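Colleague: Let me give you the structure first, and then I'll get to my questions.
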Amino acid sequence: MIPAAVAAAVLAAGCATTDDEALSERLTARAVAGEFNAIAVTNIRCNANTEACAKSHAVKGDACLKLAIQQPQSASVQDSRMRDLLDCAEDGYRKALALQPDRNAPSRISYHGGLLLTLSERRNRLDGVREQKLDRENEKLLMAAQDARREVPGSALGFLYGASAHVYRATLKPRGRDRCNDLRQAESMLKRSPPPPNELADEQGRIRSLVQQQLRENRCPRIRRI
């Protein structure tokens, strides 16, 4: 039997226990089997800075996000089921990012992507709420996209979601040149973005076309090149 003091020291050092690794494997197996509801109600107490703990929280985040996306299009964040699922997903991905010990681990791209999609889904599911709340939720997406660009600059995710959030913020402002700064920032992000994965290529094209359309409609001045 491991003395309590030794066990505490091991956990403090961020070493995964056998139980933590076993939990990660069980959750992954359930995810493969499509048991998302069971995963969503699992209480994950693992909080060590280890790959196993981070993965467990991410798998729960994945399950909750999948269930949220499967909700009817008419379901808004005002619906308690939708709200709980999105809260669960956001919490899972944020904990996964916080507990992942390797800042260069490839899994961080997936964790950032899950968080960005969750925040985008929450914003898009808002229905009949005040503009102030729309802006607040969109700002959360902007900040998460900024974090993604900083931590995984080789991924297009932070650039695409950042551009989307800037376009959205522009639409919350009066028509005309008040929208131009956000539209230009979106345009710049799309130009600086690495090539997106194939499944996001169409979305990149859609956002780029929307930005150009909005720049014209709001009569945004052209940027003079020296």
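The values are calculated or read from the model by the stated rules, or taken from the named source; none is laboratory data. Please read all numbers here as calculations on a predicted model, not as lab measurements. Because the Cβ atoms are built from the backbone with ideal geometry, glycine has one as well, and the counts that use them run over all protein chains shown. Side chains included, ligands, DNA and RNA excluded: accessible areas come from the protein's heavy atoms. Shrake-Rupley method; radii C 1.70, N 1.55, O 1.52, S 1.80 Å.
Colleague: Please specify each residue of region 64-106 satisfying the condition of being closer than 20 Å to Ala29 by Cα and either within 14 Å of the chain's Cα centre (by Cα) or modelled with pLDDT under 95 (or both).
Modeller: Correct list: Cys64, Leu65, Lys66, Cys88, Ala89, Gly92, Tyr93, Ala96.
Colleague: May I ask you to verify whether Ala31 is more than 20 Å from Ala98 (Cα to Cα) and either buried (at least 16 other Cβ atoms within 10 Å of the Cβ) or among the aromatic types (Phe, Trp, Tyr) (or both)?
Modeller: Spelling it out, Ala31 is indeed more than 20 Å from Ala98 (Cα to Cα) and either buried (at least 16 other Cβ atoms within 10 Å of the Cβ) or among the aromatic types (Phe, Trp, Tyr) (or both).
Colleague: Ok, one more. Is it true that Glu137 is out of contact with any Phe, Trp or Tyr (no Cβ under 6 Å at 6 or more places or on another chain), under 27 Å from Gln100 (Cβ atoms) and touching a residue at least 12 places away in the same chain (Cβ under 8 Å)? Talk me through it step by step, then tell me what you get.
Modeller: Values: out of contact with any Phe, Trp or Tyr (no Cβ under 6 Å at 6 or more places or on another chain): yes; under 27 Å from Gln100 (Cβ atoms): yes; touching a residue at least 12 places away in the same chain (Cβ under 8 Å): yes.
Criteria met by Glu137.
Colleague: How about region 105-223: which helices (runs of 4 or more DSSP H) wholly inside it have at least 2 residues that are open to solvent by 20 Å² or more (accessible area, probe 1.4 Å) and either farther than 30 Å from Ala75 by Cβ or β-branched (Val, Ile, Thr) (or both)?
Modeller: So the answer is 131-151, 180-192, 198-217.
Colleague: Sort out which residues of region 206-226 are farther than 23 Å from Gln146 by Cβ and under 25 Å from the mean Cα position of the chain (by Cα), and write them in order of number.
Modeller: Ser209
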